[in-house]
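Visitor: Can you read through this structure? Questions will come right after.
The values are calculated or read from the model by the stated rules, or taken from the named source; none is laboratory data. Nothing here was measured: the structure is a model prediction, and the numbers come from that model. In this analysis, Cβ positions are derived from the backbone assuming ideal geometry, glycine residues included, and neighbour counts consider all displayed protein chains. All accessible areas refer to the heavy atoms of the entire protein, side chains included, with ligands and DNA or RNA removed. Shrake-Rupley method; radii C 1.70, N 1.55, O 1.52, S 1.80 Å.
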Amino acid sequence: MQTVLVTGAAGGIGTRLRQLLKGVYPNIRLSDVRRPADLAADEAFVAADLASMAEVENAVAGVDGIVHLGGFSVEAPWETILQANIVGCYNLFEAARRHRVQRVVFASSNHVVGFYPRRRRIGVDAAVRPDSRYGVSKAFGEALGALYAFKHGLRVTCIRIGNVGDAPADRRRLSIWLAPQDLLQLIRIGLEHADIRFEIFYGASDNARGWWDNGAAFRLGYRPQSRAEDHRAAALSADAKLPPDSIGDWYQGGPFCSDEFSDGVEPAQL
């Protein structure tokens, strides 16, 4: 990897990743629909609206690998999700094919499988159970990644990100927390490992309360360095102040499951 493009560079994860990637690859190109407010003089930036193929192609031209964080990162009305996460994701993969990009690391989400109960441990082979329109869009991105890997030869890694932060903020995030340095490790596996064709990883640190079998990532060398239980007391204290949520507290997707919930599968039915 000589030149790596990071989309969504102005977002929360993108901002963290910009600092972590410095010095890792010779050339880092940043892209977003808006210019990061803290862009440094030595950072290369190309503005691009993911819904515009021409702008995406301009951002992608000449890169070896892509870390695709771009898109709308929470639940939203369908039209917003459609343009940013469906059309935008297609444009990204198709532009990568046209410009012979070698590898794409796609930022998927735990919300692809949010409607599994917390008591159930799942791997990457479990059928998708999206908890939102946002989760549906990430499931679409994973399927698109598989298409472009097996039909067009891209090497694609999808990371089902839990929650990126300096520490887990509550009980749920003790199970899904992903420290920034561990995210960087997963991204580097996707961009560099010789055996990657198409893989799905769970984006989680060393979480004793975790719900996911991350064997695929461990098989390719992932060794998380951060432990969620080191932050247990603070996380549980913060959790005690949250209002109860009979649906969200049962399912892995948390409040994404209870949001707009109507006539769905209640915990008592499982």
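Visitor: Using only the alpha-carbon atoms, how far is helix 133-152 inclined from the longest principal axis of the chain? Give it as 0 to 90 degrees, nearest 10.
Guide: On a 0 to 90 degree scale, this one is about 40.
Visitor: Further, regarding this structure: I'd like the Karplus ³J(HN,Hα) series for region 81-88: coefficients 6.51, -1.76, 1.60, θ = phi - 60°, whole numbers in Hz, and an x wherever there's a Gly or Pro.
Guide: Taking θ as phi minus 60°, the curve returns 4, 4, 6, 7, 10, 9, 4, x Hz for region 81-88.
Visitor: What does the net charge come to around ASP195 if you take all other residues with beta carbon closer than 11 Å to its beta carbon, with K and R at +1 and D and E at -1?
Guide: Net of charged neighbours comes to +1.
Visitor: Right, something else. Using a Gaussian network model of the chain with C-alpha springs under 10 Å, which one of GLN252, GLN102, GLN19 is most mobile by mean-square fluctuation?
Guide: Looking only at GLN252, GLN102, GLN19, the largest GNM fluctuation is found for GLN19.
Visitor: Using a 1.4 Å probe on the protein chains only, how many percent of the accessible area of the chain belongs to carbon and sulfur?
Guide: Answer for the chain is 50 percent, counting heavy atoms of protein chains only.
Visitor: Once you've got the GNM for the chain with C-alpha springs shorter than 10 Å, pick whichever of LEU20, LEU69, LEU242 has the biggest mean-square fluctuation.
Guide: Result for the chain, Cα springs under 10 Å: LEU242 fluctuates most.
Visitor: Considering only HIS111, HIS99, HIS68, give the residue with the highest GNM mean-square fluctuation for the chain, with springs between Cα atoms whenever their separation is below 10 Å.
Guide: Result for the chain, Cα springs under 10 Å: HIS99 fluctuates most.
Visitor: I would also like to ask the following. For ARG197, ARG227, ARG160, what's the largest-to-smallest order of accessible area, 1.4 Å probe?
Guide: ARG227, ARG197, ARG160
Visitor: I want the local charge near GLY62. Using Cβ-Cβ distances under 13 Å, sum +1 for each Lys or Arg and -1 for each Asp or Glu among the other residues.
Guide: Within the 13 Å Cβ shell, the charges total +1.
Visitor: Follow-up. Give me the net charge for the shell around PRO36: Cβ to Cβ below 15 angstrom, other residues only, Lys and Arg +1, Asp and Glu -1.
Guide: Result for the local shell: +2.
Visitor: With a 1.4 Å probe and every protein chain left in place, work out the accessible area per residue of region 75-177 in Å², rounded to a whole number.
Guide: 39
Visitor: Here's another thing I want to ask about it. Please tell me the relative contact order of region 1-143 in percent, rounded to the nearest whole number, where contacts are Cα pairs under 8 Å and at least six residues apart.
Guide: Here the relative contact order equals 23 percent.
Visitor: When only the heavy atoms of the protein chains count and the probe is 1.4 Å, how do SER73, SER258, SER31 rank by accessible area, highest first?
Guide: SER73, SER258, SER31
Visitor: Amide H neighbours of PHE198 under 5 Å, counting only residues 5+ apart in sequence or on other chains, H built in-plane at 1.01 Å?
Guide: HN-HN under 5 Å from PHE198: VAL156.
Visitor: Expected output is a single nm value to one decimal: the length gained when fully extending between THR80 and ALA208, i.e. 0.36 nm times separation in residues minus the C-alpha distance. What is it?
Guide: 42.5 nm
Visitor: Where a Cα-Cα gap under 19 Å defines reach, which aspartates and glutamates qualify for LYS151, not counting those fewer than 8 residues away within the same chain?
Guide: ASP64, GLU94, GLU142, ASP195, GLU199
Visitor: Continuing with the same structure: Using modelled backbone amide H atoms (1.01 Å from N, in-plane), which distant-in-sequence or interchain residues come within less than 5 Å of TYR116's amide H?
Guide: Under 5 Å from the amide H of TYR116 lie the amide H atoms of GLN252, GLY253, each far enough along the sequence or on another chain.
Visitor: So, one more: Counting DSSP beta bridges in the chain, what percent are antiparallel, to the nearest 5?
Guide: 5
Visitor: Ordered by residue, what ³J(HN,Hα) values in Hz, to whole numbers, does region 32-43 give under the Karplus form 6.51 cos²θ - 1.76 cosθ + 1.60, where θ = phi - 60° and Gly and Pro are x?
Guide: Karplus-based 3J(HN,Hα) across region 32-43 equals 6, 6, 10, 6, x, 5, 9, 4, 7, 5, 8, 9 Hz.
Visitor: Output the relative contact order of region 1-80, whole-number percent, from Cα pairs under 8 angstrom with separation of 6+ residues.
Guide: Once divided by the residue count of region 1-80, the mean separation gives 38 percent.
Visitor: Taking the Cα centre of the chain as origin, sum charge times position over the Cβ atoms of Lys and Arg (+1) and Asp and Glu (-1), and report the length of that vector in debye to the nearest 20.
Guide: Computed charge dipole of the chain: roughly 700 debye.
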